Amino acid sequence: MTSYPFFKKIIHSFYLKDLYVFSRINEKNKIGFKYLFFLLSIFWIPEMVKMQIGMSRFINNELPSVVDKLPVVTIKNGVASFDKSSPYIMKDDETGKDIMIFDESGTFTSLEGTEAKILLTDTKLIYEKSAMETREYSLSNINDFTLTHEKILSWAGWGNYLTILFYIFIIPFALLYRAFQVLIYSLIGLIFQAILGTKYSFQTIYRLSIIAITPAFIIDKLLGYFEVTFSGWAFICLIISLAYLYFGLLANKENEIANQLPSPELGTNN
């Protein structure tokens, strides 16, 4: 039977019956978690690259102008002071709304009645976590600290590496999510099997389900990369994947009929 390298599997998952047959009867090159891992690892890369470009553009082009508006903050023995007159209110350039307030004069003691999301007084930091929750932190444990513009930009430079860390962490979680998704589809595949009258093992249906999610996954990643969204897309992905699973089971049944081969027994080892 024809061999299917990784990228051929991806392309042929869209239309080729033989690939779905291959994944069932080829013992030396079964499609499973290894295929799923590489599928996720490769097709998350464009999104990570796009994220990295956006982050670098922000850090290099936009962040410096934002940082220039911030006062230099000096905290000694739990008391903060600023190099700008208090209260100093930082505003959004586009909307004109208050973003942050720096006040060592005592004019502002809370965020109530303000548009700002963050308030730094001489003794505490207050920020709005959500519309229903505001948190407050005392500065009393800080003995000697100065926050300069140079220090903020230096820290921001590490943001260029955050995408790599995010990629390292997201792949295992994405793999768990997709593995569980394939499990659910495989259970539905048992219903398809009853309809078609086949007798494949659950492991076989699981492998077919991994191939079946490939087209919807690829399309989803392409739409996400180009920021194309529309209502009901998740449900459409479900229908596409299940349609391909049915397609795969039907392809195997037709292959058996054409070759007059007996169906494998339930419980065949994976």
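Just so it is clear, none of the values below were taken in a lab; they were calculated from the coordinates. Everything quoted here is computed from the prediction, not taken from an experiment. Cβ placement follows ideal geometry from the backbone for every residue including glycine, while neighbour counts extend to all protein chains displayed.
General remarks:
- Helix axis angle, 214-225 relative to the chain longest principal axis, alpha carbon, degrees: 20
- The range 51-102 versus the range 144-181: alpha-carbon centroid distance in Å: 21
- For K124, net neighbour charge (Lys/Arg +1, Asp/Glu -1) across residues whose Cβ lies under 12 Å away: -3
- Theoretical gain in end-to-end length, R57 to S138 [0.36 nm per residue, Cα-Cα removed]: 25.7 nm
- Taking amide hydrogens as placed 1.01 Å from N in the peptide plane, the amide H of K124 sits under 5 Å from those of L139, each at least 5 positions away in sequence or on another chain.
- By the count of other C-beta atoms within 10 Å, a proxy for reagent exposure, S105, S130 are ordered fewest to most as S130, S105.
- For the range 134-227, the list of GluC sites (Glu not before Pro) that fall in a loop by DSSP and count at most 13 other C-beta atoms within 10 angstrom reads E227.
- Reachable lysines, given that their alpha-carbon falls under 18 Å from the alpha-carbon of K50 and they are not under 8 places away in the same chain: K221
- Read-out Rg/Rh (Cα atoms, Kirkwood Rh), derived from the coordinates shown; its label in [x] 0.97; [y] 1.21; [z] 1.05: [y]
- Over 22 Å between alpha carbons, listed pairs K17/K199; K91/K117; K34/K199; K34/K253; K8/K199; K91/K129: K34/K199; K34/K253; K8/K199
- Degrees between helix 162-196 axis and first principal axis of the chain (Cα, 0 to 90, nearest 10): 30
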